[in-house]
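Asker: Quick one: the structure is below, and I'll ask about it shortly.
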Amino acid sequence: MYLVASISRSCNEIRDTRYEMRDTSMNHFTITFKPDNKQISIHAGATLFEAAGQAGIILNTVCGGKGTCKKCLVNLEPDGREVLACQHHIQSDLTVTIPAGSRFFEQKILEHGIDTQIDLAATVHEKYQEKAATEKIFGIAVDIGTTTVVAKLINMTDGECHATEATLNPQSRYGDDVISRIAYAQDDEKLAELHKAIIECVNDLTTKLCKKTSINSKHIYEMCVVGNTTMNHIFLKLPVIQLGQAPYKAFSLDAHDVPAAQLHLEMNPAGNIHTVENIAGFVGSDTTAVALAVDIYSAEEMTLVVDIGTNGELVLGTKDKLYAASCAAGPALEGARITCGSRAAEGAIEAVVVNDEPDGTGIDLDVIGNASPRSICGSGLIDAVAVMLELGIIDHTGRFVEKEKLEGKVSPAIFSRIREEQSQPAFVLAENDGAGTVYLTQKDIRQMQLAKAAIRAGIRLLQKRIGLEDCDIEHILLAGAFGNYIRKESALRIGLLPTVPVEKIRFVGNAAASGAWMVLVSRHCRETARELAGKIKYIEIAHEPEFQDVYADSMLF
Ligand code: FES
């Protein structure tokens with residue numbers, strides 16, 4: 001498994017040494033990747049997925065290499081035969097073309113959080129003032145997401161952010177969701193492998209931050225790390241097996257302070273790493289950080305925080321009572337399990353609106369990177385379904401209306417987009433030469449309904465706990481990578497969120513990173529985070545007696 005490549009330089013060096021050692025005992029083949037024109041040598045029997053990784057090309061791996069998601073398709077030259085990279089074992093020299101849709105592209109990563117109004121009295125730095133011979137005392141705030149990692153370089157003396165860097169979480173090659181990471185890290189050796197991947201990733205980000213700001217890493221004395229409970233445990237090399245089995249208990253909910261030297265992090269060896277308190281097995285320190293950053297502990301009015309990342313986390317309440325839940329939304333809102341779905345990467349349709357000009361195309365699209373549309377990401381999916389509902393192409397159960405019944409009711413341009421694809425009714429969003437057709441099938445609509453129902457059911461069950469109607473909610477704060485790219489109107493139209501006036505919905509950016517920043521520099525915020533984690537009551541929504549009914553009801557539009 002160590003053949004899986006790391007994107008970090010240090011790992012490349014280790015790996016190169018290992019390959020040199022293997023050269024003497026095993027057949028090697030040369031693999032050329034196009035269009036990158038990268039060439040590597042790899043031993044017989046390795047998969048193309050591993051070879052691509054070694055070449056520094058990260059492929060989609062929604063199923064964690066089980067061969068079921070079909071998102072890692074590549075073409076073997078010269079005849080262009082399609083194979084799954086994770087299933088194809090190398091037995092000869094090969095030239096392989098990687099289609100854009102199979103790449104785990106540099107997706108849009110949300111680096112910025114809310115502008116916190118909280119008085120950030122930077123007090124943590126005081127403990128380093130004697131140790132540091134100079135005035136320079138810096139810290140790093142890190143948000144480890146399942147998919148992305150964001151790091152901020154902070155001046156510990158005044159709390160100012162000097163630079164932000166973000167990258168994909170290299171653990172993605174072991175699977176897209178926390179469940180596949182937990183499944184992988186079943187023994188100490190595999191846990192150590194995942195741990196090493198994230199440490200190297202944080203070190204890479206630190207190196208980039210230092211380069212960008214001309215700051216020496218020896219002036220970094222403190223690091224604050226937040227993430228979901230699985231990411232938190234892997235970072236600290238704590239066991240994760242119990243997170244994959246009922247009752248899904250965390251090994252530790254506590255904050256940890258670890259000497260920098262122990263974790264081999266790129267900073268002053270005398271420094272300290274602080275991890276924030278987790279709330280439960282599936283609600284981690286990133287949610288604690290979000291709750292801190294949005295100031296929910298002093299909220300007078302009923303506030304709902306929805307953090308839709310790879311998983312969905314919810315916090316609902318006021319300063320008096322706070323509840324949290326986790327929703328197993330599945331990866332559909334990130335484009336997985338959707339026929340033409342992808343992450344928010346170049347070429348992905350991110351917005352869809354109706355164009356009702358008489359000779360128009362029926363719909364207008366926004367595509368990431370101004371490229372030809374070749375896939376659809378979560379925000380585009382929500383928009384597209386909202387448009388299909390608006391036009392009457394699907395009904396409130398999500399079923400495609402028979403095409404004949406739509407004749408004369410929708411414009412000819414829209415009518416011509418309703419076709420059959422993969423033996424199912426489908427709505428065509430884009431057709432272009434070379435990049436293929438982008439469409440949504442009946443099955444895709446069902447997948448998105450499952451995801452939105454999970455989130456909405458979670459919200460409804462929390463509302464029931466407190467005895468709240470939708471109209472009682474004064475603020476909805478959308479946090480996280482996904483939440484910040486969706487259109488509020490579309491989210492309301494498909495019933496993802498409670499029915500509230502659109503002006504009550506606000507985006508708060510990467511609030512987890514903002515919370516990590518606050519905890520990094522302020523003792524007071526550290527204390528508040530501790531109190532919040534203790535105060536927020538976790539509700540296991542799947543155990544609520546009405547779960548099945550509420551979930552089924554939430555499937556409807
Ligand atoms: S089919 Fe290859 S990673 Fe899923």
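Asker: Most exposed first by the Cβ proxy, i.e. fewest other Cβ within 10 Å, how do Ser554, Ser423 rank? Mind showing how you got there, number by number?
Answerer: Details: Ser554 22, Ser423 8.
Lowest count first: Ser423, Ser554.
Asker: Of His88, His396, how do they rank once you tally other Cβ atoms within 10 Å and put the fewest first? Before the final figure, lay out each step's value.
Answerer: Working: His88 20, His396 9.
Arranged by neighbour count, lowest to highest, His88, His396 become His396, His88.
Asker: A follow-up question, please. For Lys319 and Gln91 in one chain, what is 0.36 nm times their gap in residues minus the Cα-Cα distance, to one decimal in nm?
Answerer: Here the answer is 75.9 nm.
Asker: Between Lys66 and Asp254, how high is the FRET efficiency from 1/(1 + (r/R0)^6) when r is the Cβ-Cβ distance and R₀ = 30 Å? Nearest 0.05.
Answerer: 0.30
Asker: Which of the aspartates and glutamates could a cross-linker span from Lys136 if the Cα-Cα distance has to be under 18 Å and same-chain partners fewer than 8 positions apart are dropped?
Answerer: Glu126, Asp158, Glu160, Glu222, Glu266
Asker: Within the chain, which DSSP H helices have Cα atoms that stretch 20 Å or more along the helix axis and a mean Kyte-Doolittle hydropathy of at least -0.5?
Answerer: On the way: long enough: 9-23 (21 Å, -1.96); 188-213 (37 Å, -0.34); 442-466 (36 Å, -0.36).
Sorted by number, the helices that extend far enough and score high enough are 188-213, 442-466.
Asker: State the antiparallel share, in %, of DSSP beta bridges confined to the chain, rounding to the nearest 5.
Answerer: Values: 63 of 92 bridges.
Antiparallel: roughly 70 percent of the beta bridges in the chain.
Asker: Moving on. Within straight cross-link reach of Lys70, meaning Cα distance under 21 Å, which lysines are found once same-chain residues fewer than 8 apart are removed?
Answerer: Lys34, Lys443
Asker: Using a basic spin-label model with each label point 7 Å from the Cα along Cα→Cβ, how many nm lie between Gln262 and Thr437?
Answerer: Those two pseudo-labels are separated by 5.9 nm.
Asker: Another one. Ignoring everything except DSSP H segments at least 4 long, calculate the 222 nm mean residue ellipticity for the chain; use -39,500 (n - 2.57) per segment, divide by total residues, nearest 500. Don't skip to the end; give the middle numbers.
Answerer: On the way: 16 runs with 164 residues, N = 557.
Mean residue ellipticity at 222 nm (helix-derived): -8500 deg cm²/dmol.
Asker: List the residues, sorted by chain then number, that are 5 or more residues from Lys38 or on another chain and whose placed amide H is less than 5 Å from its amide H.
Answerer: Answer set, sorted by chain and number: Phe33.
Asker: What percent of all Cα-Cα pairs in the chain falls into each 10 Å bin, going from 0 up to the bin containing the maximum distance?
Answerer: 4, 17, 27, 26, 18, 7, 1, 0
Asker: List the lysines whose Cα sits under 17 Å from the Cα of Lys249, skipping any in the same chain fewer than 8 residues away.
Answerer: Within reach: Lys237, Lys537.
Asker: What percent do you get for the relative contact order of the chain when only Cα pairs under 8 Å and 6+ apart count? The partial results should precede the final answer.
Answerer: Numbers: 1227 pairs, mean separation 79.9, N = 557.
It comes to 14 percent, rounded to a whole number.
Asker: Still on this structure, I have one more. How big is the gap, in Å, between the Cα center of region 527-557 and the Cα center of region 351-401?
Answerer: Here the two parts' Cα centres lie 31 Å apart.
Asker: While we're looking at this one, here's another question. Which pairs break 27 Å Cα to Cα here: Lys38/Lys196; Lys152/Lys190; Lys190/Lys452?
Answerer: Numbers: Lys38/Lys196 25 Å; Lys152/Lys190 29 Å; Lys190/Lys452 33 Å.
Among Lys38/Lys196; Lys152/Lys190; Lys190/Lys452, the Cα-Cα distance tops 27 Å for Lys152/Lys190; Lys190/Lys452.
Asker: Okay, next question. Order of Thr206, Thr97 from fewest to most other C-beta atoms within 10 Å? Display every interim value, and only then the final one.
Answerer: Numbers: Thr206 22, Thr97 15.
The most exposed by this proxy come first: Thr97, Thr206.
Laboratory data are not the source of any read-out in this text; all were calculated from the coordinates shown. The structure displayed is predicted, hence computed values, not measured ones. Glycine gets a Cβ as well: all are built from the backbone with ideal geometry, and neighbour counts include every protein chain shown.
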